[in-house]
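Here's the structure we're looking at; comments come further down.
We did not get these values from a lab; they are worked out from the coordinates using the rules stated. Note that this is a predicted model, so its numbers are computed, not measured. Positions of Cβ are backbone-derived with ideal geometry, glycine not excepted, and every protein chain shown enters the neighbour counts.
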Amino acid sequence: MAGEKDPTLLYEPKFVDTREFPEYPTINVRVQGFDFVPLEKFQAFIDRTARRFNFEVVDSYAVASQTHRALTYKPHSTVVEAEMDFAVYDRVVRLRAVPAPRLALFTQLLHTHLPVGVTLTVKEHEKADEDYRYIPDGLLKQKQEELKALDDPNVRRNLGWE
Amino acid sequence: MAVMSKWDIVASVILSRAPIVAPQMQEVERRFQTLQLEEEAEKSLLNDYELKSKNDQKMLERRAALEREGKELSELDEQIGLTNAVREDEWARAAQRFENQYKFSQIPQISDLRSVERQMDRKLVLIVKQTFGQKGYKSPWILPQIQHRSGETLRQTAERCIGEVSKNDLNFTIAGNAPIAVHSQKYPAPIQKKTAQNTSDFAVSHEHVADFQWVTPDEFRSTVNDKRYKAAVSCALSE
Amino acid sequence: MNTLTNLTSRLCVTASTSYRAFHQTIPSASSVFMKRQKKIDPEVAKQREARRRKRLEKEIRQMQKHSKKPKPMDEMTLDVKSAKNIGERRRPPTELSIDQIDERAVAMKDYTRSRNALQKLDDAWIRSALAAQNKALKELKAISPELYEEAVKPATGNLPLTIQGPSLTPPIKKYESPDGDYVDTTRQWS
C-alpha cells in the first residue's frame, strides 16, 4: 500500500530511512603526537578519508596540548642532570553517521597510513570530550548549581517555600 | 537457531602484525623532504639557541683578539660560560655512546619465517598449514580457519579460532563484528574474514596446526596458491 | 513629643534596615545548614520562587553567551617573548640559482604526483573493500539472518581503540633507562 494511494501520505511526506546498517551515533578520532605539522597533515587525511567513506564530518578541531617535563637524575641521587620540556599536541576529527561494519575498514586504512610517533584513538563521543576543549567556568557552574538546588526539598524548606 | 543450509560457515582470521618500524622513505619523498627542510630553514627566523650560537661566535672572536694583545681574560671567560659548540660536542659523544651500547639504528634481520619480529618495517600476516584434527593431513598454506558452531556470533568464532591456533595468551584485537570478505568453495564453504592485530611473542598450538609462517603481503601472494582465495582477501593485505 | 516622634521614626528606620538585612541574606540561603526560615504565605513563596528562577536563568544565559573560551593553544598563539627581538632573528636572504629553483619545483611536482598516485590507490582500496564487505554481508544474510544481525551491530567493546604509530628505530631489548621523572606541567584550570 505504498505510493500516492496510501492515505497517510496525503498530507505528510514519507521519510525513508536510507541507512543500511546500524550506526555509531558520534565517533571521535583523536590523534596525538610530539610534532603538530604531521599531525595536522594526518588530520586532513582522516577528514578526507572519512568523506570518501561517506561518513559525516561534524567537526575537526585542535585542543590545547599537554606539556611534560622530563628529568634525568645523576646516578644514585636526585640531582637533576638534564631536563627537557615537550608537548603532546592534540587534534580531533568528529564523525557522525558511521555504519558499524565500516568502522573497522576505516580504522584499518588509518592504521596503514599512521605517521611515525602518532597515537590514534577512536572512541564514542562523550560530553566530557567537548568540555575538555574549554576553560571551565567556575562562576557559571556555581549559578547552575544554585538553580538546581532550588529543586531540593531541603533547601526549599529552609527558604520557607514549603 | 541451527543454521539450516547446504553451506557450512567457516570463519577464517587474518592475524596481522603492523609494521613496528616505519619503512624507508622512497627516493621521491627523501628528495622532497631535504629540499623542503632547506627552504623552511631559509624562511624561518633564528631561535634562541641559534642566537646564542651567534653570540658565542662573537665572544670567542673578541677573546682571541684580547689574547693576541695579551690582556686579562678571566672576566670574559666567565661571561662566555659554556658555549654551544662545547655542548654540541658533549651531545654528539653521548649519542655515540648510546649507539655503541644499543646499536638502535640497525634493524635486526631475522631470517626465521616463524618469527613475528622479522621484517619490522613491513606488515606481516599469519598463514598456517592446518590438520583439521586428522592425522597425517596437511592443508595447503591458508589463513587460520575454523568451522562456525551454531549459537556463536562470527566474532566469537574468530576469537575461538585465534585461541585454538595459538598456545599462549595473545594480545590481539578483533576489528569489528562484520566480515570483510567472502570466499566460497566446493567444500569448506564460505569463508568469513576479520582482521586482527597483535603484538607479542607467538607460539603455535600443535594440536591444530602443522606448520606456520609470518609472511609479508608479497610473500603471501607467492606462497598461497589458490587464485580466487587470494583475490578474496587482497583487500586485507594492503600496506 | 517631638523627641518621641523622633524616637519612633528612628525605631521605624532600624526595623526596616534589619528587615532588609534579613532579606539580603537570601542569595546565600541555599546552604542546607542555614537556619530554617519561617514558613511564608504560599502565594508569596510562589512569586519569590518564580522571580528567583527567572533571575538565575537569565544570568546563566548571559554567562553562557560569553563563556566557552577555548583553552589557549601554544602552537597557534604569537610567541610574545620571541617577537620582541624579531629584528635580530632575521636570516640573511639566500640567493638561489636557477638550477636550484628548478630542482625544487621538479621535486615538488614529483612528490605531488606520487601523493596523487597513492590517493588513487587508497580510493581503489576503499571501493574494493566496501564491495568485498557488501558481498560478504549479503551472502551471510542469505545463509543466516541471525548471524547477519550480530555482524552488523556496533562493536562497542572495541572502543576506545588506541593504535600507536610506528617508530623510526626498532625497540631496544634490555634497555637500561636512566633515573628520572616525568612531571606533568600542563596548565591546570580549576
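Just counting partner chain Cβ atoms within 10 Å, what average do the residues of peptide A:69-76 show around their Cβ?
Across A:69-76, the average partner-chain Cβ count within 10 Å equals 4.
Taking each residue of C:70-81 in turn, how many C-beta atoms of other protein chains fall within 10 Å of its C-beta, and what is the average?
Mean shielding count: 4.
Rank by packing, highest mean first: peptides C:65-77, A:85-97, with packing defined as the count of other Cβ atoms within 10 Å averaged across residues.
Order by mean packing, descending: A:85-97, C:65-77.
Which residue, C:LEU161, C:ILE86, C:ILE98, has the largest displacement toward the positive end of the dipole of region C:65-186 when charges sit on each Cβ (Lys, Arg +1; Asp, Glu -1)?
Looking along the dipole axis, the top candidate is C:ILE86.
So for region A:73-134, taking the charge dipole from beta-carbon charges (+1 Lys/Arg, -1 Asp/Glu), which of A:HIS111, A:ALA97, A:SER77 sits furthest toward the positive end?
A:ALA97
Sorted from fewest to most neighbouring beta carbons within 10 Å, what does the list B:ILE127, C:ILE101, C:ILE172 look like?
Lowest to highest Cβ neighbour count: C:ILE101, C:ILE172, B:ILE127.
Among the listed pairs B:LYS52/C:LYS84; A:LYS41/B:LYS52; A:LYS41/B:LYS43; A:LYS148/C:LYS65, which are separated by more than 23 Å between their Cα atoms?
A:LYS41/B:LYS52
Distance between Cα centroids, region A:49-100 to region C:150-176: provide it in whole Å.
A separation of 15 Å, based on Cα centres.
Just to be sure I follow: if Rg is taken over the C-alpha atoms of chain A and Rh is the Kirkwood radius over the same atoms, what is Rg/Rh?
The Rg/Rh ratio comes out at 1.20.
Once you keep just the Cα pairs under 8 angstrom separated by 6 or more residues, what percentage relative contact order results for chain A?
30
At a 10 Å Cβ-Cβ cut-off, how would you order A:PHE36, B:PHE104, fewest neighbours first?
Ordered by Cβ neighbours within 10 Å, fewest first: B:PHE104, A:PHE36.
Among B:PRO144, B:MET120, B:TYR102, whose Cα projects farthest towards the positive end of the dipole of region B:91-149, with charges put on the beta-carbon of Lys, Arg (+1) and Asp, Glu (-1)?
My answer, from the dipole projection, is B:PRO144.
Take region B:42-132, drop everything but the C-alpha atoms, weight them equally and run the Debye formula without solvent; then report log10 I(q)/I(0) at 0.11, 0.14, 0.19, 0.20 Å⁻¹ to two decimals.
Result of the Debye calculation: -0.63, -0.77, -0.99, -1.03.
Any idea how far apart B:ASN47 and A:GLU83 come out in nm if each label point goes 7 Å out from Cα toward Cβ?
Result: 1.9 nm between the two label points.
How many partner chain Cβ atoms sit within 10 Å of a residue's Cβ in peptide B:101-114, on average, as a whole number?
2
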